[in-house]
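Below: one structure, written as structure tokens.
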Amino acid sequence: PNLILMSDLLYGDAPSAELLSQTLNSICDFQTEVISCSERRFSGDKGAHFFEKMEKLGFKASTLDFPTSVSFEESLNDIQFLRIKRVS
């Protein structure tokens with residue numbers, strides 16, 4: 001696929017992160033762009049296992065800016081908006 005949209009899939013537990021990273025690794029190629037939007041979790045490892053696993057698999061995550069037309073007011077700091085791409 002060229003584009004994968006993920007909403008609220010990043011959690012703080014290693015088993016979920018492992019399954020998600022394996023799934024993305026199996027379906028993503030160098031043209032695939034993954035856009036992820038999730039609430040920042042304050043329990044568990046805060047998604048660290050997922051990002052470490054994805055990096056080992058050759059992916060890079062970068063933060064995206066929210067469009068100026070989107071207003072989240074006070075909750076903006078609680079939302080994580082990312083682009084994830086295979087780089088190696």
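The values are calculated or read from the model by the stated rules, or taken from the named source; none is laboratory data. The structure displayed is predicted, hence computed values, not measured ones. Note that each Cβ is placed from the backbone with ideal geometry, even for glycine, and that neighbours are counted across all protein chains shown. Only protein heavy atoms, including side chains, enter the accessible area calculation; ligands, DNA and RNA are left aside. Shrake-Rupley method; radii C 1.70, N 1.55, O 1.52, S 1.80 Å.
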Using the scaling law 2.2 N^0.38 Å as the reference, what is the normalised Cα Rg of the chain? 1.08
Give the long-range amide H neighbours of Glu33: residues separated by 5 or more places, or on another chain, with amide H under 5 Å away, using H modelled in the peptide plane at 1.01 Å from N. Leu3, Ile4
How many Å² of accessible area per residue for the chain, probe 1.4 Å? 65
Any chance you could look up the accessible area of Thr32 with a 1.4 Å probe, heavy atoms only, rounded to 10 Å²? 0
Taking the Cβ of Glu33 as the center, what net charge do the other residues with Cβ under 13 Å away carry, scoring Lys and Arg +1 and Asp and Glu -1? +3
Straight-line reach check, Lys46, cutoff 19 Å on alpha carbons, 8 or more apart in-chain or any other chain, hits among lysines -> Lys56, Lys60
List the chymotrypsin sites (Phe, Trp or Tyr not before Pro) within the range 29-68 that fall in a DSSP loop (any state other than H, G, I, E or B) and whose Cβ has at most 12 other Cβ atoms within 10 Å. Phe30, Phe42
Compare Ser16, Ser69, Ser36 in a GNM of the chain, Cα atoms joined below 10 Å, and give the one with the largest fluctuation. Ser69
For the chain, the accessible surface attributable to carbon and sulfur atoms (probe 1.4 angstrom, ligands and nucleic acids excluded) amounts in percent to 52
Over the chain, what is the relative contact order in whole percent, taking alpha-carbon pairs under 8 Å and six or more residues apart? 37
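Note down the net charge around Ser88, summing +1 for each Lys or Arg and -1 for each Asp or Glu among other residues with Cβ under 13 Å from its Cβ.
+2
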Only residues of the range 49-66 count here: report those whose backbone N is under 20 Å from the spot 7 Å along Cα→Cβ of Lys85, or say none. 51-66
DSSP-defined beta bridges in the chain - what % are antiparallel, rounded to 5: 70
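Report the charge-dipole magnitude of the chain in Debye, nearest 20, computed about the Cα centre from +1 at each Lys and Arg Cβ and -1 at each Asp and Glu Cβ. Could the numbers behind the result be given before it?
Values: 9 positive and 13 negative charges, 75 e Å.
Around 360 debye, computed over the chain.
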